[in-house]
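Asker: Following this message is one structure expressed as structure tokens.
The values are calculated or read from the model by the stated rules, or taken from the named source; none is laboratory data. Since the structure is predicted, the reported quantities are computational estimates derived from the model, not experimental observations. For neighbour counting, all protein chains shown are included, and Cβ atoms are generated from backbone atoms with ideal geometry for every residue, glycine included.
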Amino acid sequence: MKAMKVEKKSRYSVPALEKGLDILESLASAQSPQSLTEMARRLERTPSELFRMLDALERRAYIARDPVSDGYHLTLRLYELAHTHSPVDQLLKAATIPMRELAETIRESCHLCVLSGAMLVVVAQAESPEPVRLSVEVGDRVLPLRTVSGRVLTAFLEDAEQERFLLNDATYMAMTKKECAEAAAELKQIRRDGYLMATSTRRTGLDASCLVGNPRVNVMAALGVPFLPGSANDGRERKLIPVIQQCAERITTALGLTAPLPRAQK
């Protein structure tokens, strides 16, 4: 099986930039405004090392001082920059090459889905190079709980949001008490694992889907792979979960996010 490259080693050292990024990341994780001394302690640097960088970041409006404590905190400048481009545009740019390489490696088509209101929407697809292959239509909209990818994304909604979502989902509201309990157990398991492999509800065969993005920052998509039924895939599907997860992690990293879940073992 063809291995996919995950990361490149850094070839250049840029100490000033690293220092500025360390400051921004430190302030992002802090619970309250940080003084120069507190930041220096957290970053294991001297105050004099950070002073000029803090001055530059404050001048460019990336950070500001709290009027009461005089400590530093992040402004909304980074948020403003991050929202200059559509999240879906960024997702597509990050996913195109990894998805193409995944389809080539596992010889199966793959697609990327997001939640849009009460529906699951297919936003991208990479087709298998095999002459006989499964395909989904980009732009296709389906009820989430009827698909593996939709259940993955539903699993990672915050608890209160997930409850509201389910109470407005036609599939869920049509379930019996027993089916609702089974669905709840499945969603909890998906949240632990970060993926789902299950029999497709729309055709014969298995579907797999892995989480892309990071629920903690509310940026999520699902990378789905529909497997062709038959002896060629008999038992092979589950062995490919780590490969699909690796692709999902590449997309997550390309978005500048941290993959929050461990990868399944082969």
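Asker: Surrounded by fewer than 17 Cβ atoms within 10 Å (Cβ to Cβ) and under 23 Å from residue 211 (Cβ atoms): is that true of residue 86 in this structure?
Answerer: Details: surrounded by fewer than 17 Cβ atoms within 10 Å (Cβ to Cβ): yes; under 23 Å from residue 211 (Cβ atoms): yes.
So residue 86 passes the test.
Asker: Follow-up. For segment 145-161, which positions are charged (D, E, K, R) and closer than 22 Å to residue 225 by Cβ? Talk me through it step by step, then tell me what you get.
Answerer: Of the residues in segment 145-161, the ones charged (D, E, K, R) are 146, 151, 158-159, 161.
Correct list: 146, 151.
Asker: A further question follows. Can you confirm whether segment 30-38 contains a residue that is part of a helix (DSSP H, G or I) and either farther than 28 Å from residue 15 by Cα or of a type in the set (Gly, Ala, Ser) (or both)?
Answerer: From segment 30-38, those part of a helix (DSSP H, G or I) are 36-38; that's our starting set.
With the extra rule that they be either farther than 28 Å from residue 15 by Cα or of a type in the set (Gly, Ala, Ser) (or both), the set shrinks to none.
No: zero hits.
Asker: Scan segment 189-203 and give yes if some residue there is of a type in the set (Val, Ile, Thr) and at pLDDT below 95, otherwise no. Steps first, please.
Answerer: Looking only at segment 189-203, we keep the residues that are of a type in the set (Val, Ile, Thr), and these are 190, 199, 201.
From what's left, at pLDDT below 95: 199, 201.
Taking every residue of segment 189-203 in turn, at least one turns out to be of a type in the set (Val, Ile, Thr) and at pLDDT below 95.
Asker: Is it the case that segment 107-117 has a residue that's under 19 Å from the mean Cα position of the chain (by Cα), in contact (Cβ under 8 Å) with a residue 12 or more places away in the chain and surrounded by fewer than 17 Cβ atoms within 10 Å (Cβ to Cβ)?
Answerer: Taking segment 107-117 as the starting set, the residues that turn out to be under 19 Å from the mean Cα position of the chain (by Cα) are 110-117.
Of the ones still in play, those that are also in contact (Cβ under 8 Å) with a residue 12 or more places away in the chain are 110-116.
Those still in the list that are surrounded by fewer than 17 Cβ atoms within 10 Å (Cβ to Cβ) too: 116.
Scanning segment 107-117, I find at least one residue that is under 19 Å from the mean Cα position of the chain (by Cα), in contact (Cβ under 8 Å) with a residue 12 or more places away in the chain and surrounded by fewer than 17 Cβ atoms within 10 Å (Cβ to Cβ), so the answer is yes.
Asker: Of all the residues that make up segment 58-106, how many are of a type in the set (Phe, Trp, Tyr) and either outside any helix (DSSP H, G or I) or more than 22 Å from the chain's Cα centre (by Cα) (or both)?
Answerer: Our first condition is that a residue be of a type in the set (Phe, Trp, Tyr); within segment 58-106, this holds for 62, 72, 79.
Checking the rest, the ones that are also either outside any helix (DSSP H, G or I) or more than 22 Å from the chain's Cα centre (by Cα) (or both) come to 62, 72.
Looking only at that region, the number is 2.
Asker: Go through segment 141-170 and give me each residue that's surrounded by fewer than 16 Cβ atoms within 10 Å (Cβ to Cβ) and within 20 Å of residue 199 (Cα to Cα). Talk me through it step by step, then tell me what you get.
Answerer: Our first condition is that a residue be surrounded by fewer than 16 Cβ atoms within 10 Å (Cβ to Cβ); within segment 141-170, this holds for 141, 143, 146, 158-161, 163-164, 167-168, 170.
Of everything in segment 141-170, those that are surrounded by fewer than 16 Cβ atoms within 10 Å (Cβ to Cβ) and within 20 Å of residue 199 (Cα to Cα) turn out to be 141, 143, 146.
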